[in-house]
Amino acid sequence: MSFLSKQFIDVIQWTEPEDGILAYRYPMEDMEIQNGGKLTVRDSQMAVFVNEGRVADVFAPGLYTLSTQTLPILTYLMNWDKAFKSPFKSDVYYFSTRLQTNQRWGTATPITIRDKEFGAIRMRGYGIYAYKIADPKLFYQKISGTRDIYGVPDLEGQLRNTIVARMTDSFAQSSLPFLDMAANQAALGQKIIDVVKPSFAELGLSLETFVVENISLPDELQKMLDQRISMNMLGDMNKYTQFQVAQSLPIAAANEGGGGIAGIGVGLGAGLTMANSVMNAMKPGQTTPGEQPPASAPAVDTKFCTNCGNKIPRASKFCPECGTAQ
């Protein structure tokens, strides 16, 4: 009577009730599998049978009849009892093999790398990645174990820290400048995925996609980079000064109480003279205190063009730069 009162399992199947479940242990407590029962493994799933504490078999998607003739169908256990009597017991684990998408990664603190253009810099980044279970047996042995449910959040911290650590190693060995990294994020993502994949494979996982959304510098370093870019964009400081003077002419002409055109010319002339003095001080070959300056040609009486601000001989009736009548 005690044998007949036992609960037998005729059908073993599982569907995911929600996102984020990687491994699920089929409830077997006080129940035994009926000889001839059915095992259903759907697409995006794999099942693992554990007998006497050891992995006995891995089942791909399909419908299986559990009987003496069909079980075991391999392999992992050479001493699987082929003469078991009905009913029998084994632990059954289901594993979700579909993609776990939109997983976030990022550097909690900036990582320090050696850049061939800027030297040692601190860099930060973030993005998304997707992975799936590729080897359920290895994942069971190393990660999920005998837990009833193992989910994505349980593994998130381990994978994120692994990604950042391998990224740092990759950048340390790379000769790619930071500016090229930031401008080629798709190629950078492919480079990182090649470096990180072996670490995922060791856990029974497959890293499928890796996206770098942003690579940047900390705020204080970014400001310095912006200043450097601005200086490079300015180019010839002499021409830039002339351009600024020319731009200020219409504003000065419209200013009431400025003393007329003569006053404007005096003010602009003083400003341009000061700018030229600064530019000359930045040029090499300047005399030091105590040295006699080289002899120069007699000074020519000059004035400034009322249109472009260029210095021209006072006797000129037309500006040789812009052609405006003086």
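The values are calculated or read from the model by the stated rules, or taken from the named source; none is laboratory data. Only a predicted model underlies this, so the values are computations on that prediction, with no experimental measurement involved. Ideal geometry is used to build each Cβ from the backbone, glycine not excepted, and the neighbour counts take in all protein chains shown. Each accessible area value is taken on the protein alone, full model and side chains, heavy atoms only, with ligands, DNA and RNA left out. Shrake-Rupley method; radii C 1.70, N 1.55, O 1.52, S 1.80 Å.
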Cβ pairs under 7 Å, 6+ apart or interchain, first in the stretch 147-172 and more than 24 Å from residue 110 (Cα to Cα), second among the hydroxyl-bearing types (Ser, Thr, Tyr) and open to solvent by 30 Å² or more (accessible area, probe 1.4 Å), ordered by first then second residue, are 149/24
Residues in the stretch 16-46 that are on the phi < 0 side of the Ramachandran plot, free of Cβ contacts under 8 Å to residues at least 60 places away in the same chain and in a strand (DSSP E or B) total 11
Kindly evaluate residue 131 against the criterion of being closer than 21 Å to residue 196 by Cα, open to solvent by less than 60 Å² (accessible area, probe 1.4 Å), hydroxyl-bearing (Ser, Thr, Tyr) and in contact with a strand residue (DSSP E or B) (Cβ under 9 Å, 6 or more places away or on another chain). yes
Residue 179 vs (1) at pLDDT 95 or above; (2) surrounded by fewer than 15 Cβ atoms within 10 Å (Cβ to Cβ); (3) of a type outside the set (Lys, Arg): all pass except (1)
*Regarding residue 17, is this residue open to solvent by 50 Å² or more (accessible area, probe 1.4 Å) and modelled with pLDDT under 90?*
no
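Confirm whether residue 26 is surrounded by 12 or more Cβ atoms within 10 Å (Cβ to Cβ) and over 42 Å from the mean Cα position of the chain (by Cα). Before you say what the answer is, go through the steps one by one.
Details: surrounded by 12 or more Cβ atoms within 10 Å (Cβ to Cβ): yes; over 42 Å from the mean Cα position of the chain (by Cα): no.
No, not satisfied.
What are the residues in the stretch 46-56 that are open to solvent by less than 10 Å² (accessible area, probe 1.4 Å) and over 16 Å from residue 11 (Cα atoms), if any? Spell out how you get there, then give the answer.
Just the residues of the stretch 46-56 that are open to solvent by less than 10 Å² (accessible area, probe 1.4 Å), to begin with: 47-50, 56.
Result: 50, 56.
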Checking 162, 209 in turn, the sole residue that is part of a strand (DSSP E or B) and under 24 Å from residue 135 (Cβ atoms) turns out to be 209
Residue 35 vs (1) of a type in the set (S, T, N, Q); (2) open to solvent by 30 Å² or more (accessible area, probe 1.4 Å); (3) closer than 12 Å to residue 12 by Cβ: all pass except (3)
